[in-house]
Amino acid sequence: MLYNLLYPLSEYFIVFNVFKYITFRTVYAIITSLILSLYLGPIVIEKLKNLQLSQKAKGYEPERHKAKEGTPTMGGIFIIISAAISTILWADLKNLYIWIALFAFICTGMIGFYDDYIKTVKKNPEGITPKAKFVLQLLVAVIVSISVIFASKGDFSTKLAFPFFKNLIIDLSYFYIVLSVFIIVGTSNAVNLTDGLDGLAVMPSVISFGTFIIFAYVAGNIKIANYLQIFYVPGSGELSIFCGSLVGAGLGFLWFNAYPASVFMGDVGSLSLGAALGTVAVIVKQEIVLAIVGGLFVLETISVILQVGFFKATKGKRLFRMAPIHHHFELKGWQEPKIIVRFWIASFVLALLALSTLKLR
Ligand code: 57M
């Protein structure tokens, strides 16, 4: 908004020229959403506490989680508000990608909100049925995927490029929509699965969005994109501001979610963060790179798939003590902060690896 209002004035006041720069606006988007979430955090947490919006334990979690009963959930509400306000303030509002990303972020947040509402207000620990949740997620992802293709101004929209192999590009045609939906819904659920220890989902999300600030910037800059031989996606640079807003809002949330957590993000937070991440990766055409940046989310999901598959194949034997894999380490006796920080380190290394794909092709 500030870009749309103030940049045109640069004709008269040269100082407003600064609003042209994505880098400048990204930095201030981070700071704005960080301040907003630090400010909103205590207000929302207090409200959630008063409304007693905490989740009941399901009864089969590692023993240590019993102590967490009563911790308010749905803190994702202030992640969404802070990131959305900051994005609207700093991004170019004529950019369609910004609205598509916000749509994915807010709509999946609403699905999560509804699920959390059933769990907390209706006191039904199972939430909405997995089928209903999945159908709603699919609906949002299909709308987002088709919109991205229509918004793209290039012949690359249905193409898939592979990092490390610069000449390997496959045009998936209509199947690209299937891939895109899979990425958005998959990432949304993967972040949700990861959200089982304090700060375990939010910090890797912050690292992933931080990495995508760079990917969005380079994809939106014709010179750098051509030099690095990645798809040039006109207009995608604005997504750096969206990603920056999520970095700030996520860090602000971490302030309260750091061990021992005063609030959990709830599905309203995890589903929306994951869907936003998937949507950004699809827009900037870094679909495969997402699997590296978000490798931790992939690992958590694979641990569940393996555990369930192994359990069925062996008629009752378990591969891990418990899945998702963070529970396995808990049951092995690792202290919670140790698991969390080690997973953060892994996430940081994966982000570096993902960035290296920009040069290794
Ligand atoms: C979300 N939710 C947390 C909090 C958070 C198929 C199966 C693998 C599904 C999976 C599942 O239900 N995952 C979805 C997991 C819960 O956190 C709430 O949920 C929100 C995210 N959706 O924001 O509101 C609990 O996690 C802890 N927590 C923290 N700090 C945080 O910052 O400590 C969360 C955030 C919170 C709190 O204790 O109450 C959760 O874990 O329930 N199911 C599982 O993950 C279950 N795994 C399982 O059953 N494994 C089986 C099979 C099916 C693979 C096996 O290994 O044999 C675990 N769920 C629970 N306990 N509750 C098992 C342990």
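The values are calculated or read from the model by the stated rules, or taken from the named source; none is laboratory data. Quantities reported herein were computed from a predicted structural model and do not represent experimental measurements. Positions of Cβ are backbone-derived with ideal geometry, glycine not excepted, and every protein chain shown enters the neighbour counts. Ligands, DNA and RNA are stripped out before the accessible areas are found, and what is left, the full protein with its side chains, is counted by its heavy atoms. Shrake-Rupley method; radii C 1.70, N 1.55, O 1.52, S 1.80 Å.
In the stretch 82-93 there is at least one residue matching the filter, namely being in contact with a Ser or Thr (Cβ under 9 Å, 6 or more places away or on another chain) and assigned to a loop (DSSP other than H, G, I, E, B).
Evaluation of Phe113 against the conditions (1) under 27 Å from Phe256 (Cβ atoms); (2) over 17 Å from the mean Cα position of the chain (by Cα); (3) within 12 Å of the ligand (Cβ to nearest atom) shows that the sole unmet condition is (2). Applying a threshold of 8 Å to beta carbon distances and a minimum spacing of six or more residues, or different chains, the list of pairs starting in the stretch 304-323 at a residue that is within 23 Å of His65 (Cβ to Cβ) and of a type in the set (Phe, Trp, Tyr) and ending at one that is open to solvent by 70 Å² or more (accessible area, probe 1.4 Å) and assigned to a helix (DSSP H, G or I) reads Phe320/Leu306.
Quick check: is even one residue across the stretch 339-358 in contact with a Lys or Arg (Cβ under 7 Å, 6 or more places away or on another chain), modelled with pLDDT of 95 or more and either more than 13 Å from the ligand (Cβ to nearest atom) or on the phi < 0 side of the Ramachandran plot (or both)? No - not one qualifying residue is present in the stretch 339-358. Among the residues of the stretch 126-149, the ones that are assigned to a loop (DSSP other than H, G, I, E, B) and open to solvent by 30 Å² or more (accessible area, probe 1.4 Å) come to 2 in all. Candidates are the residues of the stretch 63-81 that are touching a residue at least 40 places away in the same chain (Cβ under 8 Å) and part of a loop (DSSP other than H, G, I, E, B); the one that is nearest to the ligand (Cβ to nearest atom) is Thr73. Of all residues in the stretch 163-193, those that are in contact with a Ser or Thr (Cβ under 6 Å, 6 or more places away or on another chain) and either among the aromatic types (Phe, Trp, Tyr) or within 21 Å of Leu353 (Cα to Cα) (or both) total 4. Contact map, the stretch 251-271: first residue at positive phi, second residue more than 8 Å from the ligand (Cβ to nearest atom) and among the hydroxyl-bearing types (Ser, Thr, Tyr), Cβ cut-off under 9 Å, separation 6 or more or different chains; pairs are Gly266/Thr120.
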